[in-house]
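Everything on this sheet refers to the single structure shown next.
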Amino acid sequence: MVADNSSKSLSVTLRVWRQAGPAAPGRFVDYPARNLNSNMSFLEMLDVVNDELTKQGEEPIAFAHDCREGICGTCSCTINGKPHGPGHGIATCQTYLRSFKDGDVIVVEPFRARAFPLVKDLVVDRSAFDQIIQAGGFISVRTGAAPDANSIPVPKPDADLAMDAAACIGCGACVAACKNASAMLFVAAKVSQLGLLPQGQPERDQRVLAMVGKMDELGFGNCTNQYECSAACPKSISHDFIARMNRDYLKASLRSALKPTSNASGGGAG
Amino acid sequence: MATLDSKVPSGPLADKWRKHKADIKLVNPANKRKYEVIVVGAGLAGSSAAATLAELGYKVKSFVFHDSPRRAHSIAAQGGINAAKNYQNDGDSVYRLFYDTIKGGDYRSREANVHRLAEVSVNIIDQCVAQGVPFAREYGGLLANRSFGGAQVSRTFYARGQTGQQLLLGAYSALSRMVGAGAIELHTHSEMLDLVVVNGQAKGIIVRNLITGEISRHAADAVVLATGGYGNVFNLSTYARGSNVTAIWRAYKRGACMANPCYTQIHPTCIPVTGDYQSKLTLMSESLRNDGRIWVPKRKEDRLKPPASIPEEDRDYYLERIYPSFGNLCPRDVASRAAKRVCDEGRGVGESGLGVYLDFADAINRLSESGVRERYGNLFDIYHEITAENAYQVPMRIYPAVHYTMGGLWVDYNLMSNLPGLFVLGEANFSDHGANRLGASALMQGLADGYFVIPYTIGDYLASQRPGSRPSADSAEFRGAEENVRSLTDRLLATKGKEPVSHFHKRLGKIMWEHCGMARTRAGLEEALKLIPALREEFWANVNVPGSAETMNQSLEQAGRVADFLEFGELLCLDALKREESCGGHFREEYQYPDGECKRDDANFGHVAAWEYQGADRAPLRNTEPLNYEFVKMSVRNYK
């Protein structure tokens with residue numbers, strides 16, 4: 001199976017969400033994009049359209065992008081209603097025009113979710129994800145305090161499953177795809193990665209409680225098991241991790257209810 | 001003239017770092033919170049430094065132009081990270097990693113720095129595993145390794161093809177922990193646009209908020225730059241689109257020396273260019289060279305034939321032929337030039353003729369398709385997305401592309417620049433890799449600098465600064481620097497020419513690639529040194545930057561960075577012109593052995609060239625730091 005990658009020319013109409021800022025009204029604007037090369041990436045097409053807009057004295061379309069190889073998680077368009085576009089398991093920057101037909105109208109919007117306020121045009125603010133990680137998405141280990149790396153063997157299946165979860169690029173497509181704008185897949189991926197490893201056990205309960213608590217506080221919705229998140233995820237992270245997180249959360253809630261409530265860390269002997 | 005004292009400690013090589021750590025000054029724990037440290041950039045070096053300095057008790061302010069620290073381009077490193085753990089029992093050691101790195105760098109790095117790097121490499125793996133980095137493991141649960149170019153041992157740790165991502169997320173988690181604890185003040189969407197120097201010392205930065213356009217002044221007791229490499233001066237590269245030279249270039253214009261800018265790395269295994277609309281080149285990890293075999297047809301006439309129809313005897317596995325002992329795993333500069341040579345001979349494959357095959361047929365026979373998929377599945381997927389070709393069935397086509405820059409701001413053994421108080425880490429500095437970096441060593445250096453070097457060495461500087469002595473951000477120096485930033489912004493917006501910024505970036509990239517790419521000549525460099533100032537002049541007359549400065553304006557961001565590349569590119573070519581030898585990634589056609597290998601001139605160029613800014617209208621000054629090889633004999637690299 002060798003797909004057809006010979007270059008073809010195509011012309012499309014881009015229907016793009018334009019909004020000057022969070023308080024400004026937004027609207028769709030049509031832009032013709034002509035004589036494109038089918039081997040061009042979707043973002044390269046936006047580059048070309050933006051250069052044309054600039055030459056015409058208009059302000060180019062603001063869009064988030066950086067690595068353009070599907071790993072940094074910066075790009076964030078919803079294309080024809082699908083976060084990251086028509087492909088499966090790829091980000092917007094890995095979408096190529098060979099996925100579209102000559103004459104297509106392509107609707108391009110920002111990721112939409114209450115917890116991701118709009119910045120400008122196609123750019124949204126996803127700092128809520130950082131706040132969730134800051135609440136507990138880590139293992140507390142000071143630099144220099146680590147034992148030899150091979151002192152704790154990790155069964156290969158556990159390490160592999162942790163890696164599956166760790167592949168998350170923090171793009172927010174899961175949130176944009178979810179009718180509840182839930183961040184469960186994002187949170188579950190980090191909770192599962194660290195919960196699967198022996199190094200993550202000491203803070204396992206505390207971590208899941210803190211991260212889920214922060215997620216709720218920031219205005220993300222709940223999971224109603226539609227699995228749109230996994231379908232939209234550029235790294236195809238499995239919704240099974242959500243079930244794993246729910247189990248962890250339940251256990252942690254029960255255990256925390258049984259624990260003394262005092263947070264006192266002790267006054268020190270000296 | 002700048003003073004370039006490397007401050008390399010005396011004594012036996014293996015004892016230098018230990019001795020130095022015992023000798024340098026400390027800041028007492030109660031005083032640490034009185035010092036503020038600015039860290040710019042949040043890739044491996046910046047995140048690890050910010051997290052560790054905050055753990056120590058310093059007040060840290062972290063600045064990134066991205067929307068999150070997790071986006072920094074370290075995230076895209078695929079293949080792995082080296083460490084002298086010798087878990088494979090294959091004869092590795094700190095000395096061997098040191099030696100491979102010195103030799104790989106073509107004897108143009110500092111012995112003492114490289115030895116320290118090899119020493120702390122083992123601590124990095126420990127640290128990352130403790131953070132929950134899911135490195136690849138063997139069935140017994142212990143860590144797995146693979147081989148990388150320029151080494152004959154398996155010392156590379158990896159997390160599938162996403163090692164950089166996993167290490168960065170580890171460092172990001174450490175940084176986030178300290179942000180959550182209130183020990184780091186994190187400024188995202190914040191681009192450093194000037195360095196503030198007060199009484200000859202770096203004491204702050206000027207920052208533009210990329211969402212609101214607000215310009216702010218930030219004072220500190222020390223400034224740490226970890227802002228990455230400058231490969232986008234070539235426009236097309238494997239770098240992220242946002243990667244830029246601005247932070248280090250503006251520091252250079254404030255007096256920090258720029259060392260060896262001509263040392264650029266061209267990576268041999270990237271997906272070839274397909275059209276002039278292209279914005280980016282994608283790397284196929286060097287780890288693929290463990291199992292893939294590189295070849296071109298022996299005869300020009302066969303170059304467009306389907307590869308499967310070319311019988312074994314008509315194929316030239318040229319790396320295995322020329323370099324039998326290292327074969328497909330020879331260093332990057334060597335492999336890139338070999339690819340260029342066979343393509344120049346007319347034997348390159350693909351429509352453009354600028355490509356060679358990376359063939360997995362033998363590996364699939366040996367390991368089965370699923371075995372290859374387990375090792376490299378995500379890389380094959382990336383290749384398929386970009387080219388629509390199935391590399392399990394037809395060989396990949398690859399060609400060299402700009403990938404890393406070994407040059408950067410000059411630093412001493414403490415990673416401090418010639419400007420006191422300015423520290424430079426990771427790819428942004430010039431140290432450790434000499435004229436060529438070995439695969440899986442960038443991640444090692446970024447984390448070594450951030451986790452294990454700067455936490456010690458910054459204390460030595462801060463101990464000399466009275467607590468509370470940092471200048472006010474309202475002082476004349478700060479206001480002057482802010483004014484400098486505002487006037488540059490105004491000038492960019494006021495030009496109102498006809499061409500978008502990308503037009504100039506593409507043209508600069510073509511000049512750089514053609515005249516200062518894989519092979520350089522005196523005539524070509526002299527030509528580039530005429531073309532670049534002319535292009536720069538055209539930019540300032542004809543660039544069109546729409547919009548305003550008071551809002552998110554991506555054209556304005558880009559314009560500032562390209563304006564800096566248009567100045568920096570000239571210095572890069574000048575450095576390449578003045579280095580009249582070939583070494584590592586710097587290949588001057590005039591200086592080569594009959595077999596096409598680099599001909600170094602140790603007597604005249606066994607030094608670091610550190611350029612010093614002399615003002616806009618004057619040529620920069622070329623200072624030198626001699627490289628004294630006390631422990632290793634400088635010799636001709638041999639990978640045959």
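Residue count for the stretch B:61-74 under the criterion of being facing another protein chain (nearest Cβ under 7 Å) and within 18 Å of B:ARG177 (Cβ to Cβ): the result is 2. Taking residues in the stretch A:101-125 that are free of Cβ contacts under 8 Å to residues at least 24 places away in the same chain, and partners anywhere that are in a loop (DSSP other than H, G, I, E, B) and open to solvent by 20 Å² or more (accessible area, probe 1.4 Å), the pairs with Cβ atoms closer than 6 Å and at least 6 places apart or on different chains are A:ASP125/A:PRO117. In the stretch A:78-91, of all residues being out of contact with any Ser or Thr (no Cβ under 7 Å at 6 or more places or on another chain) and under 21 Å from A:ALA166 (Cα atoms), the one that is farthest from the other protein chains (Cβ to nearest Cβ) corresponds to A:PRO83.
Listed by first and then second residue, the pairs with beta-carbon distance under 6 Å, at least 6 apart or on different chains, first residue in the stretch A:167-182 and open to solvent by less than 10 Å² (accessible area, probe 1.4 Å), second assigned to a helix (DSSP H, G or I), are A:GLY170/A:PHE129; A:GLY170/B:ARG70; A:ALA173/A:ALA232. With respect to the conditions (1) open to solvent by 20 Å² or more (accessible area, probe 1.4 Å); (2) assigned to a strand (DSSP E or B), B:VAL60 lacks only one, and its number is (1).
One line per residue, one yes/no per condition, for (1) open to solvent by less than 20 Å² (accessible area, probe 1.4 Å); (2) within 12 Å of another protein chain (Cβ to nearest Cβ); (3) not in a strand (DSSP E or B):
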{"site": "B:MET192", "(1), (2), (3)": "yes, no, no"}
{"site": "B:ALA202", "(1), (2), (3)": "yes, no, no"}
{"site": "B:ARG208", "(1), (2), (3)": "yes, no, no"}
{"site": "B:THR212", "(1), (2), (3)": "no, yes, yes"}
{"site": "B:ARG241", "(1), (2), (3)": "no, yes, yes"}
{"site": "B:PRO261", "(1), (2), (3)": "yes, no, yes"}
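Screening B:PRO471 with (1) touching a residue at least 12 places away in the same chain (Cβ under 8 Å); (2) out of contact with any strand residue (DSSP E or B) (no Cβ under 8 Å at 6 or more places or on another chain) gives one miss only, at (2). For the stretch A:92-115, the tally of residues that are facing chain B (nearest Cβ under 7 Å) and open to solvent by 50 Å² or more (accessible area, probe 1.4 Å) stands at 1. Does the stretch B:85-103 contain at least one residue that is within 30 Å of B:VAL636 (Cβ to Cβ), within 18 Å of the chain's Cα centre (by Cα) and open to solvent by less than 10 Å² (accessible area, probe 1.4 Å)? Yes, there is a match, as at least one residue in the stretch B:85-103 is within 30 Å of B:VAL636 (Cβ to Cβ), within 18 Å of the chain's Cα centre (by Cα) and open to solvent by less than 10 Å² (accessible area, probe 1.4 Å). Of the residues screened, A:VAL16 is not one that is among the β-branched types (Val, Ile, Thr) and either open to solvent by 20 Å² or more (accessible area, probe 1.4 Å) or assigned by TED's automatic domain parsing to the domain that holds A:PRO234 (or both).
When you go through B:LEU210, B:LEU236, B:LEU225 one by one, which is the residue that is touching a His at 6+ places or on another chain (Cβ under 6 Å), over 21 Å from B:PRO331 (Cβ atoms) and touching a residue at least 60 places away in the same chain (Cβ under 8 Å)? Even if it seems obvious, please write down each step before you answer.
Values: B:LEU236 fails: touching a His at 6+ places or on another chain (Cβ under 6 Å); B:LEU225 fails: touching a His at 6+ places or on another chain (Cβ under 6 Å).
Within the list B:LEU210, B:LEU236, B:LEU225, the selection yields B:LEU210.
Kindly list the number of the only condition in (1) modelled with pLDDT of 95 or more; (2) small (Gly, Ala, Ser); (3) open to solvent by 10 Å² or more (accessible area, probe 1.4 Å) that fails for B:GLY468. Unmet for B:GLY468, out of (1) modelled with pLDDT of 95 or more; (2) small (Gly, Ala, Ser); (3) open to solvent by 10 Å² or more (accessible area, probe 1.4 Å): (1).
Checked against the criterion of being open to solvent by 10 Å² or more (accessible area, probe 1.4 Å) and touching a residue at least 40 places away in the same chain (Cβ under 8 Å), the candidates B:ARG321, B:ARG299 yield just one match: B:ARG299. Take the stretch B:75-104 and flag every residue that is among the hydroxyl-bearing types (Ser, Thr, Tyr) and away from chain A (no Cβ under 13 Å). Answer for the stretch B:75-104, where residues must be among the hydroxyl-bearing types (Ser, Thr, Tyr) and away from chain A (no Cβ under 13 Å): B:SER93, B:TYR95, B:TYR99, B:THR101.
I need the helices (runs of 4 or more DSSP H) fully contained in the stretch A:170-235, keeping only those with at least 1 residues that are within 12 Å of the chain's Cα centre (by Cα).
Values: elements: A:173-177, A:184-196, A:204-217, A:228-232.
Those helices (runs of 4 or more DSSP H) span A:173-177, A:184-196, A:228-232.
Of everything listed in (1) more than 12 Å from chain B (Cβ to nearest Cβ); (2) crowded, with 21+ Cβ neighbours inside 10 Å; (3) part of a loop (DSSP other than H, G, I, E, B), the single unmet condition for A:CYS75 is (1). Each residue in the stretch A:44-72 was checked for being farther than 17 Å from A:ASP104 by Cβ and not in a loop (DSSP other than H, G, I, E, B), and 7 pass.
Look at A:ALA149 and say whether it is free of Cβ contacts under 8 Å to residues at least 24 places away in the same chain, in contact with a Leu (Cβ under 8 Å, 6 or more places away or on another chain), surrounded by fewer than 24 Cβ atoms within 10 Å (Cβ to Cβ) and not acidic (Asp, Glu).
In short, yes.
Across the stretch B:498-526, the qualifying residues are those that are hydrophobic (A, V, I, L, M, F, W, C), more than 14 Å from chain A (Cβ to nearest Cβ) and outside any loop (DSSP other than H, G, I, E, B), and the one among them that is most open to solvent (accessible area, probe 1.4 Å) is B:TRP513.
Do you know which residues across the stretch A:5-26 are touching a Gly at 6+ places or on another chain (Cβ under 9 Å) and at the interface with chain B (Cβ under 10 Å from one of its Cβ atoms)? Those that are touching a Gly at 6+ places or on another chain (Cβ under 9 Å) and at the interface with chain B (Cβ under 10 Å from one of its Cβ atoms): A:SER7, A:ALA20. Residues of the stretch A:142-172 that are more than 7 Å from chain B (Cβ to nearest Cβ) and within 21 Å of B:SER74 (Cα to Cα): A:ASP164, A:ALA165, A:CYS168, A:ILE169, A:CYS171, A:GLY172. If you go through the stretch B:247-259 and keep only what is touching a Leu at 6+ places or on another chain (Cβ under 7 Å) and surrounded by fewer than 24 Cβ atoms within 10 Å (Cβ to Cβ), you end up with B:ARG250, B:ARG254, B:GLY255. Restricting the search to helices (runs of 4 or more DSSP H) fully inside the stretch B:403-497 and requiring at least 3 residues that are closer than 28 Å to B:ALA171 by Cβ gives B:442-447, B:454-462. Look at (1) aliphatic (A, V, I, L, M); (2) at the interface with chain A (Cβ under 10 Å from one of its Cβ atoms); (3) part of a loop (DSSP other than H, G, I, E, B); (4) surrounded by fewer than 23 Cβ atoms within 10 Å (Cβ to Cβ) and you find that B:VAL153 fails only one, number (2). Regarding the stretch B:444-461, can at least one residue be identified that is open to solvent by 30 Å² or more (accessible area, probe 1.4 Å) and without any contact (Cβ under 8 Å) to a residue 60 or more places away in the chain? No, the stretch B:444-461 has no match at all.
The residues of the stretch B:602-621 that are assigned to a loop (DSSP other than H, G, I, E, B) and of a type outside the set (S, T, N, Q), listed by number, are B:GLY606, B:TYR613, B:GLY615, B:ALA616, B:ASP617, B:ARG618, B:ALA619, B:PRO620. Across the stretch A:116-141, the number of residues qualifying as open to solvent by 10 Å² or more (accessible area, probe 1.4 Å) and more than 9 Å from chain B (Cβ to nearest Cβ) comes to 2.
The values are calculated or read from the model by the stated rules, or taken from the named source; none is laboratory data. Remember, predicted model here, so these are calculated numbers, not experimental data. FYI the Cβ positions are ideal-geometry reconstructions off the backbone, even for glycines, and counts take in every protein chain you see. Areas reflect the complete protein model, heavy atoms only, side chains present, ligands, DNA and RNA absent. Shrake-Rupley method; radii C 1.70, N 1.55, O 1.52, S 1.80 Å.
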